[in-house]
Amino acid sequence: MTYTKLFAPGKIGGLELKNRIVMTAMGCSLAEVSGEAGQRMIRYYAERARGGAGLIITEITRIDDETGVGTPNQLSVTNTHVVPQLSRLAEAVHAYDTKLFIQLHHPGNQTPSRLIGGKQPVSASDVTCRVIGEQPRALTTEEVEGMVKKFVTGAVIAQKAGVDGVEIHAAHGYLVSQFLSPYTNKRTDKYGGSFEGRMRFVTEIVKGIQAYCGPKFPISVRMNGSDYLPGGIDEEEGIEIAKYLEALGIQCLNVSCGMYDSGSTIIEPSFYAEGWKRQLGGNIRKAVNIPVIAVDNIKHPSFAEEMLEEGNCDFVGIARGFLADPEWGLKAKKGEDTLIRKCLGCMECFRILNDGLPLGCTLNPVLGREFEWGDQKLTCDGNGRKTAVIGGGPAGMQAAVTLAKKGYKVTLYEADDKLGGTVNLAAVPPFKGMLSEFIETQKAELEKYGVEVKLNTKADAGTVKADGAEAVFFAAGGKPSVPPVEGIEKAVTAEDVLAGKAEVKGENIVVLGGGVTGLETAEYLAKDHKVTVVEMLNKVGGNLYPSVTMHLVQEIMKTGGTVAKGKMVTKIADGCITVKDTASGEEAEIAADTVILAAGVRPEREGYEALKEAYGDNLILVGDAAKAGQIYDALHSAHDKAFVFEIN
């Protein structure tokens, strides 16, 4: 498909952009401890420039070292010592004819004291962010005036480094947003009270940047079209703020929504549809005469084109899409939509960042590691030597593609009649359809890189030896774990339920296991049955991002279901199960017409010993066959082991 709108040139002020694709800001924690842009960050952004972004807006960039730290290893513009490396970042992006904006940011009350040396967070007022849970103090009038100067200084440093423009982060409940929104601004001085008072902070920042950087230096403001909170900015006031900002002389508006307290509206998990908030950017675009960037949970180039055709925005903001696939724009331009690894909305990237680690992605094992693990570092030393991959799930397909890129002649064997493994079942519950698209993308990658695929072939040592393989990657996946519980033979597995192989009988359904598979299976069944999830631990969801776990639990409970934590199953009988409270030891019975086992998986190793005897160190375990985990773990282990592999 040809995307004429998406790849039409555009302008922000006097700045010409090669297309309408903007990679909007996302925290990545890839900067050096000094706040400088080091080699890892430069390579990360350069790959997105190479991949087709017309404009890149950096991660939240610190303007204040005292109270303004938003993430570990955060990019900084607080001191001129960052200029040389920031200049190198700009040069790396400009090499691909991509423009670069620095996003000027202060988190306000949405940062924990541990990130700012134990100091109390600051805000427009002493309103506590419920998510952070720490009481902030209101900045004094003099401190607000000083903070204005820090934003302006950040813009001057960015301009000195050769950056093309700046964006003021006035959305998502961060400090500037805390002044704009009546939800957080309870001030009685000149920076509060009336609409004009609430606008004064951002006004002084804009005017200061214009005074020091010149009126033609592009300024974008990221703003909320709605806070999605009672007492906050609503859609009507969002339009008024946009018109006010335009009158200040800024060159662009980047329309988003939400804050930490509004929950999942700020960053959408998989259960939000593409374009669910398109009216925010669309209504603002009708009210102003400067370009509007809109972030609308866009996953597909075809939808981005539709947004532009409908007039909802002038530029489409692609955020997590560029995390999952740095070549999102390049592949769209080539008409290779199927080859785009599209964001699942699993929120794994944010879970990893919240753990204080550099950015990671379920579908992109190279994300944040481009400098060490990117294709430019891959040694093409396979020399056409034959290598077998046993297992056609995500790990097997990832290993096969990475090996093929290295120059090996790869044959993939799959015992089933289709590729994808258990991900085909994981795609069955509600809002998991993007997993099916990912499997189609992996199939397209196998074809692109010339991997031979043999379906309905249960390969063993004899099979691969006969085909001339000199090495084997064993990716046979895992099989359900079966706990030693009396009557366990009466249970059916979640896998068999999702595959339609096991009948779900009766009204009362019990799912044993509150991890991702258990919760999603329970959600899938909750519309037709009364479902109880039983979990031995005192939490459910495993490593799922909190908003995803909350959604699943709410969907189960709103149909009359129950989530029982801290309960260990001791017996399964006809019509009921017996559970023991892990704290008190007290036993109870729960009605159960069907018991579904979702207690995780263990490695599948059938045929492994014979292969080990035949291939020795040239046999490599990947995915669940090596260690049970999530798709993230499977793809990362497969990529990394294939990346460094050499036939002995």
field: Residues of the range 280-301 classified as in a helix (DSSP H, G or I) and out of contact with any helix residue (DSSP H, G or I) (no Cβ under 7 Å at 6 or more places or on another chain), total
entry: 4
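Can you confirm whether the range 612-627 contains a residue that is over 19 Å from Pro484 (Cα atoms), aliphatic (A, V, I, L, M), buried (at least 17 other Cβ atoms within 10 Å of the Cβ) and at pLDDT below 95?
Within the range 612-627 (the criterion being over 19 Å from Pro484 (Cα atoms), aliphatic (A, V, I, L, M), buried (at least 17 other Cβ atoms within 10 Å of the Cβ) and at pLDDT below 95), the answer is yes, since at least one residue qualifies.
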task: Would you check if there is a residue in the range 324-331 being outside the structural domain of Lys18 (by TED's automatic domain parsing), within 22 Å of the chain's Cα centre (by Cα) and either not in a loop (DSSP other than H, G, I, E, B) or not charged (D, E, K, R) (or both)?
output: no
query: How many residues are aliphatic (A, V, I, L, M), assigned to a loop (DSSP other than H, G, I, E, B) and under 13 Å from Ala598 (Cβ atoms) if we restrict to the range 463-501?
result: 2
query: In the range 602-611, is there at least one residue being without any contact (Cβ under 8 Å) to a residue 60 or more places away in the chain and crowded, with 17+ Cβ neighbours inside 10 Å?
result: no
field: Hits in the range 575-590 - residues which are surrounded by 10 or more Cβ atoms within 10 Å (Cβ to Cβ), more than 22 Å from Lys505 (Cα to Cα) and within 39 Å of the chain's Cα centre (by Cα)
entry: Lys580, Asp581, Thr582
query: Hey, which of the helices (runs of 4 or more DSSP H) in the range 81-199, taking only ones fully inside, have at least 2 residues that are basic (Lys, Arg), out of contact with any His (no Cβ under 7 Å at 6 or more places or on another chain) and modelled with pLDDT of 95 or more?
result: 141-160
task: Being buried (at least 18 other Cβ atoms within 10 Å of the Cβ), touching a residue at least 60 places away in the same chain (Cβ under 8 Å) and of a type outside the set (Gly, Ala, Ser) is the filter here, so list the residues in the range 63-82 that pass it.
output: Ile63, Asp64, Thr71, Asn73, Val77, Thr78, Val82
- prompt: With the range 584-645 as the region, which strands (runs of 3 or more DSSP E) entirely inside it contain at least 2 residues that are of a type outside the set (Val, Ile, Thr)?
  reply: 587-592, 601-603, 619-621
- request: Please go through the range 1-33 and pick out each residue that is at positive phi and of a type in the set (S, T, N, Q).
  value: Ser29
Options Ser302, Ser270: the member that is at pLDDT below 95 and assigned by TED's automatic domain parsing to the domain that holds Arg43: Ser270
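To keep it simple, each residue is scored yes or no on (1) in the same structural domain as Ala319 (by TED's automatic domain parsing); (2) in contact (Cβ under 8 Å) with a residue 60 or more places away in the chain.
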{"position": "Lys333", "(1), (2)": "yes, yes"}
{"position": "Thr338", "(1), (2)": "yes, yes"}
{"position": "Met347", "(1), (2)": "yes, yes"}
{"position": "Ile352", "(1), (2)": "yes, no"}
{"position": "Gly356", "(1), (2)": "yes, yes"}
{"position": "Pro365", "(1), (2)": "yes, yes"}
{"position": "Arg385", "(1), (2)": "no, yes"}
{"position": "Val389", "(1), (2)": "no, yes"}
{"position": "Gly392", "(1), (2)": "no, yes"}
task: Take the range 459-490 and flag every residue that is at negative phi and within 35 Å of the chain's Cα centre (by Cα).
output: Ala471, Val472, Phe473, Phe474, Ala475, Ala476, Gly478, Lys479, Pro480, Ser481, Val482, Pro483
- prompt: So which residues in the range 239-285 are surrounded by fewer than 18 Cβ atoms within 10 Å (Cβ to Cβ), among the acidic types (Asp, Glu) and more than 29 Å from the chain's Cα centre (by Cα)?
  reply: Glu240
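In this structure, is Leu597 within 26 Å of Glu489 (Cβ to Cβ) and in contact (Cβ under 8 Å) with a residue 24 or more places away in the chain?
Yes.
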message: Please pick out the residue among Lys454, Lys505, Lys501 that is among the basic types (Lys, Arg) and free of Cβ contacts under 8 Å to residues at least 40 places away in the same chain.
response: Lys501
query: Quick one: how many residues across the range 1-29 are part of a strand (DSSP E or B) and free of Cβ contacts under 8 Å to residues at least 40 places away in the same chain?
result: 1
- request: Determine which single condition Ser113 fails, assuming it passes every other condition in (1) in contact (Cβ under 8 Å) with a residue 60 or more places away in the chain; (2) farther than 22 Å from Gly192 by Cβ; (3) in contact with a Pro (Cβ under 7 Å, 6 or more places away or on another chain).
  value: (1)
- line: Those residues of the range 35-44 which are surrounded by fewer than 24 Cβ atoms within 10 Å (Cβ to Cβ) and among the aliphatic types (A, V, I, L, M) amount to Ile42
- prompt: Only one residue in Ala287, Ala304, Ala273 is of a type in the set (A, V, I, L, M), touching a residue at least 40 places away in the same chain (Cβ under 8 Å) and more than 30 Å from Gly214 (Cβ to Cβ), so which one is that?
  reply: Ala304
query: Out of (1) surrounded by fewer than 21 Cβ atoms within 10 Å (Cβ to Cβ); (2) at pLDDT below 95, what's the single condition that is false for Lys405?
result: (2)
message: Just checking, does the range 521-528 include any residue being farther than 30 Å from Gly360 by Cα, at pLDDT below 95, in contact with a strand residue (DSSP E or B) (Cβ under 8 Å, 6 or more places away or on another chain) and of a type in the set (D, E, K, R)?
response: no
- line: Just one listed residue, out of Glu47, Glu32, is charged (D, E, K, R), buried (at least 19 other Cβ atoms within 10 Å of the Cβ) and either closer than 27 Å to Ile250 by Cβ or touching a residue at least 40 places away in the same chain (Cβ under 8 Å) (or both), and it is Glu47
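Go through the range 151-185 residue by residue and tally those that are among the charged types (D, E, K, R) and within 30 Å of the chain's Cα centre (by Cα). Before the answer, list the steps.
First pass over the range 151-185, keeping only residues among the charged types (D, E, K, R): 160, 164, 167.
With within 30 Å of the chain's Cα centre (by Cα) added as a condition, the list becomes 164, 167.
Residues meeting the conditions: 2.
The values are calculated or read from the model by the stated rules, or taken from the named source; none is laboratory data. All figures in this text were calculated on a predicted structure; none of them were measured in a lab. Neighbour counts run over all protein chains shown; Cβ positions are idealised from the backbone, glycine included.
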